[in-house]
Amino acid sequence: MPQIAIERFALGPMQNFVYLLIPQARDRLVVVDPAWQPEVIHARAQALDRRVTDIILTHHHADHRNGVEAVLEQSPARIHVQKSELPWLNELGWRGDLVLHEPGDQIELGAGESLRLIHTPGHTPGSQCIACGGRLLTGDTLFIDGCGRCDLPGGDPVTMFHSLFTTLGGLAGDTVILPGHDYAPLPEATLDDQRKTNPYLQLQTVADFSRYRMRPRS
């Protein structure tokens, strides 16, 4: 069976990656973390002759969701978030469109295709990754040769350590990491590659990881 197609767009001043997930069912179209230039997503949806039906947020930070309203203006869509993010989203007026998820929930896309949501707190309490076949959209949990900050409200280096080493640690090494920002020479890498080169994945204790992750920012 063909995999769900994934298209990547580098948008905005913070080097965000926005992803479009194109399942076989032609009545579905998914955008992950719409931000900065929603007209790009709209134009691509038109070219595909589809409407966005589902928005998935990896976390609540504005640079990953400041295009949601513009997407909703073009097409009514469900907004999928991890339930722990709700306190940060309550004032945005999306309540009727929100689908609050538990860890491990699946989003069914028809034609036997689905996405699995993996709760990976640390950057925010409700950060989540999206498993799509052998690919993992990681938002700000795991970058290529980096990981998300833990010094913003709701961040926690201890839970980030467990998300990286316990939750994601059980995934196959050939899983392809698709991060939320373009912070490295390459836009993607396998998890095995990252286990060899990512400095955060070399730190084997919570204390060492927390010390390194929370070091003063230059």
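None of the figures in this text is laboratory data; all of them are computed from the coordinates on show. Predicted model, so just to flag it, every value in this text is computed and none were measured. A quick note on method: Cβ atoms are made from the backbone with ideal geometry, for glycine too, and the neighbour counts reach across all protein chains shown.
Scanning the stretch 126-178 for residues being among the acidic types (Asp, Glu) and over 25 Å from Arg215 (Cα atoms) gives a total of 1.
Of all residues in the stretch 1-22, those being of a type in the set (A, V, I, L, M, F, W, C), assigned to a loop (DSSP other than H, G, I, E, B) and crowded, with 16+ Cβ neighbours inside 10 Å number 1.
Name the residue, out of Leu168, Leu186, Leu164, that is of a type in the set (A, V, I, L, M), closer than 22 Å to Ile4 by Cβ and buried (at least 20 other Cβ atoms within 10 Å of the Cβ). Spell out the reasoning first.
On the way: Leu186 fails: buried (at least 20 other Cβ atoms within 10 Å of the Cβ); Leu164 fails: closer than 22 Å to Ile4 by Cβ.
Among Leu168, Leu186, Leu164, only Leu168 is of a type in the set (A, V, I, L, M), closer than 22 Å to Ile4 by Cβ and buried (at least 20 other Cβ atoms within 10 Å of the Cβ).
Out of all the residues in the stretch 162-174, is one or more under 21 Å from Asp33 (Cα atoms), of a type in the set (A, V, I, L, M) and within 19 Å of the chain's Cα centre (by Cα)?
Yes, the stretch 162-174 contains a residue that is under 21 Å from Asp33 (Cα atoms), of a type in the set (A, V, I, L, M) and within 19 Å of the chain's Cα centre (by Cα).
Checking every residue in the stretch 175-194 against the condition of being free of Cβ contacts under 8 Å to residues at least 40 places away in the same chain and part of a helix (DSSP H, G or I) gives at least one match. Those residues that are of a type outside the set (Val, Ile, Thr) and over 13 Å from Pro125 (Cβ atoms), I need them from the stretch 141-156; list them, please. Passing the criteria: Leu142, Phe143, Asp145, Gly146, Cys147, Arg149, Asp151. Across the stretch 43-84, the qualifying residues are those that are basic (Lys, Arg) and more than 14 Å from the chain's Cα centre (by Cα), and the one among them that is farthest from Asp105 (Cα to Cα) is Arg44.
Count, please, the residues in the stretch 113-137 that happen to be touching a helix residue (DSSP H, G or I) at 6+ places or on another chain (Cβ under 8 Å) and either small (Gly, Ala, Ser) or within 30 Å of Arg26 (Cβ to Cβ) (or both).
First, pick out the residues of the stretch 113-137 that are touching a helix residue (DSSP H, G or I) at 6+ places or on another chain (Cβ under 8 Å): 118-127, 129, 136.
Those left that are additionally either small (Gly, Ala, Ser) or within 30 Å of Arg26 (Cβ to Cβ) (or both): 118, 122, 126-127, 129, 136.
Looking only at that region, the number is 6.
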